[in-house]
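The values are calculated or read from the model by the stated rules, or taken from the named source; none is laboratory data. Note that the structure is predicted; figures quoted are calculated from it, not measured. Using ideal geometry, Cβ is built from the backbone for each residue, glycine included, and neighbour counts are taken over all protein chains shown. Please note that ligands, DNA and RNA were not included when accessible areas were found on the heavy atoms of the full protein model with its side chains. Shrake-Rupley method; radii C 1.70, N 1.55, O 1.52, S 1.80 Å.
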Amino acid sequence: MKIDYVTIKLFRNITQARLDLAPHLTLLVGDNGQGKTNTLEAIYVLLTGTSFRSPKDQEQMITFPHDSLHDSNDILSLEGIVQRNGQGVLKLSHRMTRHPIKKRHEGPILPVVTFSPEDVWLSKGSPQGRRRFLNWLIAPIDARYSRLFRQYHRALLQRNKALKDPTLYGTIASFNPLLAEAGSYLWTSRIRILNEIVPIVQEIFLQLTGLHLHVFLAAGGTQNPVNDPKDYEAVLVKRQREEQMRGTTLMGPHLDELNFMINDLPALAYASQGQHRSIALAMKLASFEVLERETGTTPVVLLDDVLSELDPDKRSRLLHLIARSRPQTIVTDTEARNYENLEPTIYDISLGSLTKREI
């Protein structure tokens, strides 16, 4: 998969820009705070429909020009053309308004893998971040997962509202069938993708550290995921009284936790900063292999100021992936460097303005 070009309008500090991307390597060069990460994020949003930043940060993606009166023309717009491995040309677009927040994404979810210094939070951050990683990994592979994920959370919000209000107790059961169908499918899909990715992660982690990594899903609110919708619904009925007392749904994939154990010790409690980085890098490298295998498409790779953050072994592993698979790669850096003997397209970025260097 190769991106021909991307146009950006009113995205964070980028008022308007067009990037014509090289088949293999594009460098985004500039000082910190000038818009390099924003450009990567714009590409990510165009390919996936979502941001790699937190949901709260996503609300601030659209930026109005200083001379704007916030009229109807102030719409964040991302558009691009993708060549998809001999399967033809794809046109993608993503639009968003802030008042009210409303998004419209046109096009499929395409595989893209990001590497950034913040990846360490994959292993040491919140459970929500690890659930987000699983959702991101499955979405390009399984369109039904994405659809049922949205339906699950809509039903969950409505059911939780009913659990908090005694006058709505009579409506609780009406949400159970959809919650059971979607929840059981989410669990089945997460277990399946973990069965595929974990052996690859363990091998990479062993090569990076010489240590053994155990990765497993702790199903939210139950000892084992419930894979049958009828069994799932029966558990919801059984626990309803307790949930009414607590005012929330106490079982489901919205409470899942992805756990990491290093030599039988929990990584959250005992891992060093370097070991957390190794877990994150192993997960991202393994996800590249899984996405390429499952989708039949080589993912785009986004490297956000990451090379200077990695020690020589981890940097070598990442560069080996780039050299071997030769995916289309977009790299941010504070200076232009020789990168795996590729001839890059270089854009200089200053205050949200992108200028292509002439060769």
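Structure above, values below:
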| quantity | calculated |
| --- | --- |
| Highest-MSF residue in the chain out of Thr97, Thr39, Thr298 [GNM, Cα springs under 10 Å] | Thr97 |
| Computed label-point distance, nm, for sites Arg104 and Asp231 using a 7 Å Cα→Cβ extension | 4.4 nm |
| Dipole of the chain, positive end: most advanced residue of Tyr152, Ile200, Pro299 [Cβ charges, Cα centre] | Tyr152 |
| For Arg95, solvent-accessible area (1.4 Å; no DNA, RNA or ligand), Å² | 90 Å² |
| Kirkwood Rh in Å, taken over the chain so that all alpha-carbon pairs contribute | 22.0 Å |
| Out-of-range pairs (alpha-carbon distance over 29 Å; input Lys36/Lys161; Lys2/Lys314; Lys102/Lys238; Lys124/Lys164) | Lys36/Lys161; Lys102/Lys238; Lys124/Lys164 |
| Dipole magnitude (debye, nearest 20) for the stretch 206-333, charges at Cβ of Lys, Arg, Asp, Glu | 100 debye |
| Cα Rg, Dmax, the stretch 285-359, angstrom units | 13.9, 39 |
| For the chain: relative contact order, % (alpha-carbon pairs under 8 angstrom, 6 or more apart) | 27 percent |
| Over 22 Å [Cα-Cα, the stretch 113-221], rounded percent | 45 percent |
| Average Cα contact separation per residue, the stretch 227-359, under 8 Å, 6 or more apart, as relative contact order % | 13 percent |
| The chain: antiparallel DSSP beta bridges as a percent of all, rounded to 5 | 70 percent |
| Accessible surface of the chain, 1.4 Å probe, proportion on carbon and sulfur as whole % | 50 percent |
| List His214, His105, ordered by accessible area with a 1.4 Å probe, largest first | His214, His105 |
| Spin-label model distance (nm) - Arg239 vs Arg326, 7 Å beyond Cα toward Cβ | 5.1 nm |
| Length released on extending from Asn195 to Arg154, taking residue separation times 0.36 nm less the Cα-Cα span | 12.0 nm |
| Accessible area per residue, Å², the stretch 204-359 with all protein chains present, probe 1.4 Å | 50 Å² |
| Relative contact order of the stretch 72-121, defined on C-alpha pairs under 8 angstrom at six or more residues apart (%) | 26 percent |
| Heavy-atom accessible area ranking, 1.4 Å probe, most first, across Glu203, Glu41, Glu289, Glu106 | Glu203, Glu106, Glu289, Glu41 |
| Approximate shape of the stretch 229-359 as ellipsoid semi-axes (Cα gyration tensor, √5λ), whole Å, largest first | 42, 20, 17 |
| Total charge dipole magnitude, the chain, about the Cα centre, Cβ charges on Lys, Arg, Asp, Glu only, Debye to nearest 20 | 1040 debye |
| Separation of alpha-carbon centers, the stretch 266-334 and the stretch 121-162, rounded to whole Å | 23 Å |
| Computed label-point distance, nm, for sites Gln83 and Ala143 using a 7 Å Cα→Cβ extension | 2.5 nm |
